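Participant: What follows is a structure written as structure tokens; I'll ask about it next.
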Amino acid sequence: MSKKTFVPAFTPRSLKYVIDKKSSHLWYLSVEIPATMTSHIKDHVTRLYRQYTIMPGISCSTLPISYTQHYFAQEIEKETQQFLFEHFIEGNVQNFLQENKIATVNWPRLKEITGSAQAGYIITMALSLAPHLALNGWHTHTFVAPRRKNYTDLDIQVESFIATLDPEIINRNATVETGDWVRFSAQFRSPLVQTPVHSQTQYWLRITNPVLTTPEMTQFLNAKIGSQFTVPASALSSRQETTFSTDYYFDITIEHIVKTQKLSVQQVQDCLHVCDHQTLHNKLIEIFSYRNDISLRKAIIEELFYALFNAFRFEIAPHAITRRKELLLFLMHQTPDNSVYTKQKHFATHITLLAETKLKEEALIDAIAQFENIHVTPDDITHYLSLASNERLKEFLYFSPLSEESISSDQPCGEYILNQTVRREKTLNAIIQQIAL
């Protein structure tokens with residue numbers, strides 16, 4: 001292709017959004033992607049397929065480009081769409097929904113993709129709308145929080161746990177080590193233009209055992225805040241089993257490091273928003289005091305939702321419940337106890353009820369977060385990841401990312417995924433603090 005074919009004119013504002021309101025609870029969102037972006041991605045994917053040379057009768061290092069474009073036409077088109085959707089569309093769609101205060105349940109679901117890489121794509125997504133709630137005076141609805149068990153052994157356990165924490169805060173300017181969370185920005189670069197093709201996107205990555213990661217991802221180890229390097233464009237794709245190098249890269253800049261291997265007392269106080277030792281002690285009792293295999297923390301949250309659902313009654317669209325049930329079944333299928341659960345007599349009824357309950361909880365929390373204009377800060381994400389990385393402290397967390405991608409994997413996680421979850425957790429804590437008696 002000629003260089004003049006590629007015009008570096010893509011920014012998030014280049015995307016055009018059109019909403020088709022099918023019903024009160026179902027909208028279609030069409031996203032138009034300009035050819036100035038899709039041409040670069042298709043060229044990158046084509047170069048990847050040129051390296052698939054283990055074919056009968058082929059003995060060259062790379063396949064001829066004309067042969068590649070013809071023989072792998074369908075695969076190239078499909079992977080071009082996947083790459084665009086994963087790196088540039090999902091996050092921008094979430095930002096568009098948040099900026100326009102469009103509350104949804106579940107993730108937007110891909111409906112169809114039309115167009116071509118040469119002319120640009122139109123991606124249509126189905127949005128399941130959350131019900132509208134009248135929340136004026138919501139904070140006047142109070143509930144009585146369950147109390148702790150009065151066992152002195154609980155206090156001893158809490159003090160023993162506090163004693164295991166580091167007395168001093170770990171140096172935030174330290175280098176990246178195994179077990180750390182890293183926030184980094186990525187800018188997509190094409191060999192055909194001098195400027196980045198796309199504005200930077202933020203990701204989070206958990207640095208797991210370096211032996212298990214790809215050579216490209218080990219560049220994160222020993223990096224510092226401000227460190228810059230490049231990785232092949234395919235290295236950040238969760239769908240790529242093998243990383244091939246083309247002339248397309250992501251420019252990586254390390255922006256933040258979260259040390260989770262050893263938390264300090266001050267860090268835990270910051271995560272739980274308490275100011276002194278006694279308040280920290282009382283807060284930790286919530287995850288040490290259990291009744292009927294349910295922690296005090298979970299019991300408080302259950303009572304909260306019971307009170308709020310009595311005050312605000314609403315229904316979730318059946319199609320949204322069905323989709324959430326599909327996700328729950330998918331996640332359960334990954335567990336070794338899946339067959340035990342599915343053989344239960346009323347399993348189908350229970351899984352449907354669980355899907356509906358989770359959707360109602362998220363819809364109510366999202367509505368209050370929007371009503372109170374609650375936003376997520378970098379510190380909020382840091383606190384969430386610190387708690388999530390500790391086997392004991394993660395009991396404080398109630399919401400998890402609504403995605404089939406797990407933040408515990410060794411693949412980068414888009415910051416927009418964490419933003420939604422952390423916003424819910426922050427809102428939940430604010431509600432408990434305000435209306436619990």
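Participant: Relative contact order for the chain: what percent, with Cα pairs under 8 Å and sequence separation of 6 or more?
Facilitator: Once normalised by length, the contact order is 18 percent.
Participant: Note the per residue figure in Å³ for the convex hull of the C-alpha positions in the chain.
Facilitator: That works out to 177 Å³ per residue.
Participant: Filter the cross-link list Lys262/Lys426; Lys298/Lys394; Lys298/Lys360; Lys283/Lys394; Lys149/Lys298 down to pairs whose alpha-carbon distance in this structure exceeds 20 Å.
Facilitator: Lys262/Lys426
Participant: Determine which aspartates and glutamates satisfy two conditions relative to Lys78: a Cα distance under 15 Å, and not lying fewer than 8 residues away in the same chain.
Facilitator: Result set, ordered by chain and number: Asp43, Glu86, Glu112.
Participant: Once you treat every alpha carbon in segment 306-353 as an equal point and sum by Debye, what is log10 I(q)/I(0) at q = 0.13, 0.19, 0.23, 0.27 Å⁻¹?
Facilitator: Debye output, listed in q order: -0.42, -0.74, -0.88, -1.00.
Read-outs: derived from the displayed coordinates by stated rules, not from any lab. Please read all numbers here as calculations on a predicted model, not as lab measurements.
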